[in-house]
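Everything on this sheet refers to the single structure shown next.
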Amino acid sequence: MIKDLNSFTQPISKLVELNTHHFDTLMDAQKKAAEDYKKLVQQRMQTATKIKDPIALASFVTDQMALAQSNYEKMVDNSRVMFETMTGYNAEVIKLFQESTVQLKKEIDKETKK
(Lines give C-alpha, C1' and ligand atoms only; values in the text may rest on other atoms or scores of the structure.)
Protein backbone atom coordinates (compact mmCIF):
# COMPACT_ATOMS: atom_id res chain seq x y z
CA MET A 1 0.00 0.00 0.00
CA ILE A 2 1.34 3.42 -0.93
CA LYS A 3 1.72 5.37 2.29
CA ASP A 4 2.64 8.77 0.87
CA LEU A 5 -0.41 9.18 -1.31
CA ASN A 6 -0.19 12.97 -1.04
CA SER A 7 3.12 13.05 -2.94
CA PHE A 8 1.51 10.99 -5.68
CA THR A 9 -1.61 13.14 -5.92
CA GLN A 10 0.21 16.49 -5.78
CA PRO A 11 0.88 16.54 -9.56
CA ILE A 12 -2.79 15.74 -10.14
CA SER A 13 -3.78 18.69 -7.96
CA LYS A 14 -1.40 20.85 -9.97
CA LEU A 15 -3.09 19.60 -13.13
CA VAL A 16 -6.49 20.62 -11.80
CA GLU A 17 -5.14 24.10 -11.00
CA LEU A 18 -3.49 24.31 -14.42
CA ASN A 19 -6.71 23.27 -16.16
CA THR A 20 -8.75 25.82 -14.22
CA HIS A 21 -6.32 28.64 -14.98
CA HIS A 22 -6.00 27.63 -18.63
CA PHE A 23 -9.72 27.42 -19.28
CA ASP A 24 -10.39 30.67 -17.40
CA THR A 25 -7.81 32.39 -19.60
CA LEU A 26 -9.35 30.98 -22.78
CA MET A 27 -12.87 31.92 -21.69
CA ASP A 28 -11.78 35.47 -20.83
CA ALA A 29 -10.12 35.87 -24.22
CA GLN A 30 -13.20 34.57 -26.05
CA LYS A 31 -15.52 36.78 -24.00
CA LYS A 32 -13.44 39.87 -24.76
CA ALA A 33 -13.32 39.04 -28.47
CA ALA A 34 -17.12 38.60 -28.53
CA GLU A 35 -17.68 41.88 -26.69
CA ASP A 36 -15.30 43.72 -29.03
CA TYR A 37 -17.05 42.27 -32.07
CA LYS A 38 -20.47 43.20 -30.68
CA LYS A 39 -19.37 46.80 -30.17
CA LEU A 40 -17.91 46.94 -33.65
CA VAL A 41 -21.10 45.61 -35.27
CA GLN A 42 -23.20 48.10 -33.33
CA GLN A 43 -20.98 50.97 -34.42
CA ARG A 44 -20.97 49.88 -38.05
CA MET A 45 -24.74 49.44 -38.10
CA GLN A 46 -25.21 52.91 -36.66
CA THR A 47 -22.85 54.30 -39.29
CA ALA A 48 -24.70 52.48 -42.07
CA THR A 49 -28.02 54.02 -41.04
CA LYS A 50 -26.58 57.48 -41.67
CA ILE A 51 -25.56 56.83 -45.28
CA LYS A 52 -27.46 59.18 -47.59
CA ASP A 53 -25.80 58.98 -51.01
CA PRO A 54 -23.89 56.61 -53.35
CA ILE A 55 -20.51 58.25 -52.72
CA ALA A 56 -20.89 57.82 -48.98
CA LEU A 57 -22.01 54.23 -49.57
CA ALA A 58 -18.91 53.53 -51.69
CA SER A 59 -16.74 55.00 -48.95
CA PHE A 60 -18.51 52.90 -46.34
CA VAL A 61 -18.00 49.73 -48.38
CA THR A 62 -14.30 50.56 -48.84
CA ASP A 63 -13.96 51.08 -45.09
CA GLN A 64 -15.76 47.79 -44.47
CA MET A 65 -13.30 45.97 -46.74
CA ALA A 66 -10.34 47.44 -44.82
CA LEU A 67 -12.03 46.54 -41.55
CA ALA A 68 -12.63 43.00 -42.73
CA GLN A 69 -8.93 42.67 -43.61
CA SER A 70 -7.93 44.02 -40.22
CA ASN A 71 -10.29 41.63 -38.45
CA TYR A 72 -8.90 38.74 -40.48
CA GLU A 73 -5.36 39.66 -39.44
CA LYS A 74 -6.47 39.93 -35.82
CA MET A 75 -8.12 36.50 -36.05
CA VAL A 76 -4.92 34.99 -37.45
CA ASP A 77 -2.89 36.61 -34.66
CA ASN A 78 -5.36 35.36 -32.03
CA SER A 79 -5.13 31.86 -33.49
CA ARG A 80 -1.34 32.01 -33.25
CA VAL A 81 -1.52 33.11 -29.61
CA MET A 82 -4.04 30.36 -28.81
CA PHE A 83 -1.77 27.78 -30.48
CA GLU A 84 1.19 28.97 -28.40
CA THR A 85 -0.95 28.87 -25.27
CA MET A 86 -2.10 25.33 -26.04
CA THR A 87 1.48 24.23 -26.75
CA GLY A 88 2.62 25.57 -23.38
CA TYR A 89 -0.37 23.99 -21.68
CA ASN A 90 0.37 20.63 -23.29
CA ALA A 91 3.99 20.80 -22.13
CA GLU A 92 2.84 21.49 -18.56
CA VAL A 93 0.40 18.58 -18.63
CA ILE A 94 3.09 16.21 -19.90
CA LYS A 95 5.48 17.44 -17.19
CA LEU A 96 2.88 16.86 -14.49
CA PHE A 97 2.15 13.33 -15.69
CA GLN A 98 5.87 12.58 -15.80
CA GLU A 99 6.29 13.88 -12.23
CA SER A 100 3.35 11.80 -11.11
CA THR A 101 4.74 8.68 -12.77
CA VAL A 102 8.19 9.18 -11.21
CA GLN A 103 6.65 9.66 -7.77
CA LEU A 104 4.43 6.62 -8.15
CA LYS A 105 7.42 4.51 -9.22
CA LYS A 106 9.36 5.67 -6.14
CA GLU A 107 6.47 4.76 -3.88
CA ILE A 108 6.07 1.35 -5.50
CA ASP A 109 9.82 0.72 -5.20
CA LYS A 110 9.66 1.59 -1.48
CA GLU A 111 6.78 -0.82 -0.96
CA THR A 112 8.36 -3.69 -2.88
CA LYS A 113 11.65 -3.38 -0.91
CA LYS A 114 9.80 -4.00 2.37
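The values are calculated or read from the model by the stated rules, or taken from the named source; none is laboratory data. In this text, all values refer to a predicted model and were calculated from it rather than measured experimentally. Positions of Cβ are generated from backbone atoms using ideal geometry, with glycine treated the same way; all protein chains shown enter the neighbour counts. Accessible surface areas use protein heavy atoms only, side chains included; no ligands, DNA or RNA. Shrake-Rupley method; radii C 1.70, N 1.55, O 1.52, S 1.80 Å.
Data table
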| item | result |
| --- | --- |
| Residues located in the range 36-66, provided they are under 23 Å from ASN78 (Cβ atoms) and among the basic types (Lys, Arg) | LYS38, LYS39, ARG44 |
| Filter result (open to solvent by less than 60 Å² (accessible area, probe 1.4 Å) and within 24 Å of LYS32 (Cα to Cα)) within the range 83-95 | THR85, GLY88, TYR89 |
| From ALA34, ALA68, ALA48, residue being assigned to a helix (DSSP H, G or I), of a type in the set (A, V, I, L, M) and under 30 Å from VAL16 (Cα atoms) | ALA34 |
| Sole exception among (1) surrounded by 12 or more Cβ atoms within 10 Å (Cβ to Cβ); (2) assigned to a helix (DSSP H, G or I) for THR62, by number | (1) |
| Positions within the range 96-114 being open to solvent by 70 Å² or more (accessible area, probe 1.4 Å) and not β-branched (Val, Ile, Thr), in sequence order | PHE97, GLN98, LYS105, LYS106, LYS110, LYS113, LYS114 |
| Failed condition for ASN78, given (1) without any contact (Cβ under 8 Å) to a residue 40 or more places away in the chain; (2) in contact with a helix residue (DSSP H, G or I) (Cβ under 9 Å, 6 or more places away or on another chain) | (1) |
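Residues checked against (1) touching a residue at least 12 places away in the same chain (Cβ under 8 Å); (2) not hydroxyl-bearing (Ser, Thr, Tyr):
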{"residue": "PHE23", "(1), (2)": "no, yes"}
{"residue": "LYS38", "(1), (2)": "no, yes"}
{"residue": "THR47", "(1), (2)": "yes, no"}
{"residue": "ASP63", "(1), (2)": "no, yes"}
{"residue": "LEU104", "(1), (2)": "yes, yes"}
{"residue": "GLU111", "(1), (2)": "yes, yes"}
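Conditions (1) in contact with a Ser or Thr (Cβ under 6 Å, 6 or more places away or on another chain); (2) open to solvent by 60 Å² or more (accessible area, probe 1.4 Å); (3) at pLDDT below 85; (4) of a type in the set (Ser, Thr, Tyr), marked per residue:
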{"site": "ASN6", "(1), (2), (3), (4)": "no, yes, yes, no"}
{"site": "THR9", "(1), (2), (3), (4)": "no, no, yes, yes"}
{"site": "ASN19", "(1), (2), (3), (4)": "no, no, yes, no"}
{"site": "ALA29", "(1), (2), (3), (4)": "no, no, yes, no"}
